[in-house]
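Below: the structure, in structure tokens.
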């Protein structure tokens, strides 16, 4: 992951998909690649760097808050806007950051427990 960050970090601060990527320009930053790196930093306990990457993604959203697929080195949003994948990756990366932060500070911040179908059906029956 360190090699990915070293080789694919762009001047604007985001992360490109791969070396010499030319889809919609030369080595643009991809929101999802930047967020994947943020998730790794959260898991590795590098929370300052994880937050920097989250902040970068938020700072490079459209004024409406929508996130694109790519951002060029001058900050121009490229390709698909909005991209649901970028949004869902952002939510997941924030949750993983908060979970790692809570763990470091001794607080509990975990995903809600999944409920099985029988538990949901039982709850719905009780409401009738």
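Values quoted throughout were computed directly from the atomic coordinates according to the rules given, and no laboratory measurement underlies them. Just so you know, these numbers come straight off a predicted model, no measurement behind them. Virtual Cβ from ideal backbone geometry, glycine too; neighbours counted across all protein chains shown.
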Subtracting the Cα-Cα distance from 0.36 nm times the residue separation, let me have the gained length for residue 101 to residue 7 in nm, one decimal.
-> 31.1 nm
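Roughly speaking, what is the stretch gain from residue 91 to residue 64, that is 0.36 nm per residue apart minus the C-alpha to C-alpha distance, in nm to one decimal?
8.1 nm
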Measuring from label point to label point, each 7 Å out along Cα→Cβ, what is the residue 17 to residue 78 span in nm?
-> 1.1
